[in-house]
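Have a look at the structure below, then the notes.
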Amino acid sequence: MKRRDEEAHKAKHELALQIGEEIVTEMGSKGLSVRKIALAMGYSVGTLYAVFRNFDDLILQLNGRTLDKLYTALSDAEQQQYEQPHACLLALSHAYLQFAIEYRLRWSMVFEPRVTREPEVPSWYQEKVSRLPSLFEKPLQALMPTLEPKAYAQITRALWGNVHGICILALTEKFEDMNVDAIKKMLDLSVNAFLSGLNSSLA
């Protein structure tokens with residue numbers, strides 16, 4: 001009986017997240033609510049709150065799945081260019097942009113500022129966030145193998161901030177009359193200028 005209950009709980013959990021993803025993909029975070037998910041599942045709101053602690057927990061888990069999907073996309077890009085570190089960094093930035101475009105509303109929800117009831121961000125979620133910039137660290141280490149270990153983390157965050165910032169500005173339409181190719185060129189310029197400046201400062 002206990003096993004059946006656990007399986008039923010897992011099934012409700014998975015279905016709720018799938019429906020939540022569909023709602024966010026179509027309507028963004030503003031269209032998301034526990035009531036809407038429960039209605040689509042054919043359950044009461046109370047049943048859903050037996051699966052998730054609260055609405056913040058639901059959003060964290062939805063965002064966690066988006067971060068997992070993003071990590072997979074970036075990992076695939078890294079694997080294709082892992083022997084050429086410079087090209088790898090460019091490929092990672094392009095893959096990040098492509099994901100942000102393809103899953104725009106889900107991606108946006110990950111980075112939206114929210115007032116939350118959670119006392120702190122769970123460690124499992126922090127790990128999902130922190131492992132994304134780490135993919136940029138490997139090619140940077142290959143390009144600059146003599147740096148101190150602590151330096152790589154700082155440099156990686158700075159580069160990651162450049163890439164993320166351009167994607168944020170591009171997808172919130174702060175750049176006028178720019179298509180995807182133009183944004184990719186801007187990313188290339190940013191990454192190349194970052195590396196050039198870094199090499200100059202270390203020379």
**Complete:** Between (i) 21.7, 68; (ii) 18.4, 61; (iii) 19.8, 68, the structure-derived Rg and Dmax of the Cα atoms in Å is (iii)
**Message:** Please rank Phe111, Phe194, Phe136, Phe99, fewest neighbouring Cβ atoms within 10 Å first, as an exposure proxy.
**Reply:** Phe111, Phe194, Phe99, Phe136
**Complete:** Summing -39500 (n - 2.57) over every DSSP H run of at least 4 in the chain, dividing by its residue total and rounding to the nearest 500, the 222 nm mean residue ellipticity is -26000 deg cm²/dmol
**Asked** Are there any helices in the chain, counted as whole DSSP H runs, that stretch 20 Å or more along their axis by Cα and score at least -1.0 on average by Kyte-Doolittle, and if so which?
**Response** 55-80, 85-102, 123-143, 149-171, 180-202
**Fill in**
Note on the stretch 1-52: alpha-carbon gyration tensor, axes a ≥ b ≥ c; rule is a/c under 1.5 for rounded, else prolate if a/b larger than b/c, else oblate; result prolate
**Asked** Considering only DSSP states other than H, G, I, E and B, which trypsin sites (Lys or Arg not before Pro) in the stretch 138-203 qualify as loop sites with at most 16 other Cβ atoms within 10 Å?
**Response** Lys174
**Item:** Inter-label distance, nm, simple model (7 Å from Cα along the C-beta direction), Leu169/Gln154
**Value:** 2.4
**Item:** Rel. contact order, % - alpha carbon contacts under 8 angstrom, at least six apart, the chain
**Value:** 19
**Asked** To the nearest 0.05, how large is the calculated FRET efficiency for Arg4 and Arg35 if R₀ is 41 Å and r is the Cβ-Cβ distance?
**Response** 0.90
**Asked** Ranked by Cβ crowding within 10 angstrom, fewest neighbours first, how are Trp107, Trp124 ordered?
**Response** Trp124, Trp107
**Request:** Could you tell me which of Ile166, Tyr49, Asn179 has its Cα farthest along the dipole of the chain towards the positive end, charges placed at Cβ (Lys, Arg +1; Asp, Glu -1), taken about the Cα centre?
**Result:** Tyr49
**Request:** Using a 10 angstrom cutoff on alpha carbons, build the Gaussian network for the chain and name the most mobile of Leu189, Leu90, Leu135.
**Result:** Leu189
**Message:** Using alpha carbons only, how many angstrom separate the centre of the stretch 6-63 from the centre of the stretch 72-107?
**Reply:** 29
**Debye, to nearest 20: dipole size of the chain, +1 on Lys, Arg Cβ, -1 on Asp, Glu Cβ** = 560
**Message:** If I take R0 = 22 Å and measure r between the Cβ atoms of Thr25 and Tyr49 in this structure, what FRET efficiency does the formula 1/(1 + (r/R0)^6) give, to the nearest 0.05?
**Reply:** 0.40
**Residues Glu120, Glu22 arranged by fewest to most Cβ contacts within 10 Å** = Glu120, Glu22
**Fill in**
When the charge dipole of the stretch 26-171 is computed with +1 on Lys and Arg Cβ and -1 on Asp and Glu Cβ about the Cα centre, the Cα farthest towards its positive end, among Ser75, Met27, Ala38, belongs to Ala38
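All of the numbers you see were taken from the coordinates with simple rules; none came from a lab. Predicted model, so just to flag it, every value in this text is computed and none were measured. Using ideal geometry, Cβ is built from the backbone for each residue, glycine included, and neighbour counts are taken over all protein chains shown.
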